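Below is one structure; the comments refer to it alone.
The values are calculated or read from the model by the stated rules, or taken from the named source; none is laboratory data. Quick caveat, the model's predicted, so the values are computed rather than measured. Note: ideal-geometry Cβ built from the backbone for every residue, glycine included; neighbour counts use all protein chains shown.
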Amino acid sequence: MVARMILEHEYALLGGLNRARIGQVLGAAAAAVSSILVWVLLALVGLAQWLGYGEAVPALILWPIGAGAIYVGLYWAFDRWIWRWKNLRGVLRVPDLAGTWHCAGQTINADKTPGYVWEGEVTIVQTWDRIRVRLKTKQSGSNSITASLVHDEADGFRLHYTYKNDPNIDEPELEAHRGSAELVFDRDLRTARGEYFNGHGRYTFGTMRLTRKN
């Protein structure tokens, strides 16, 4: 859990449904569910007493179904699963990018001619609140540091993120560096095209094409 909280980070959501509104909806739902459950439980307690099965049940048993506790449960379920429902994603305008992607990359030389071709695997871990973009190649690996998701009516979904790259220990000629990338995902969320720019240790740039593997 600690490692997960360190590696996954919050991301900005642009063009999607306001996150504060989601909290308001879940709060109203929690209040409604709590009221119904308390009413049902009190009715059952009253019935048990009427049938002669004991004295009044201590009020302590009612606290677990308070609105606050139910809100926490609802938000946890929403953050992990509910937002992924296909029909709901259309309303939220947030893509589910989680999964493993094959990455085909190519550097571009300073004179704008094609450079060398490389391959890697991108793993995206995503919940409603947090995301992590992990790129692994034969020579190095990188993790996203910040990210934003943009709902683009014309092109689909755009993912902007910055990352830190660390070479493998057996690649002494490579230096750790930081960079940024922008990916545009097709509407079916099966492929994506984008560009990356490196600096602060390695000054290169190029293109990437992602294809979903699972």
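In the condition set (1) acidic (Asp, Glu); (2) touching an Asp or Glu at 6+ places or on another chain (Cβ under 7 Å); (3) more than 23 Å from Gly16 (Cβ to Cβ), Glu175 is compliant with all but (2). Screening the candidates Gly199, Gly206 for the property of being in contact (Cβ under 8 Å) with a residue 24 or more places away in the chain, assigned by TED's automatic domain parsing to the domain that holds Gly141 and over 24 Å from Pro95 (Cα atoms) yields one hit, Gly206. For region 65-80, a tally of residues being buried (at least 16 other Cβ atoms within 10 Å of the Cβ) and at pLDDT 80 or above returns 3.
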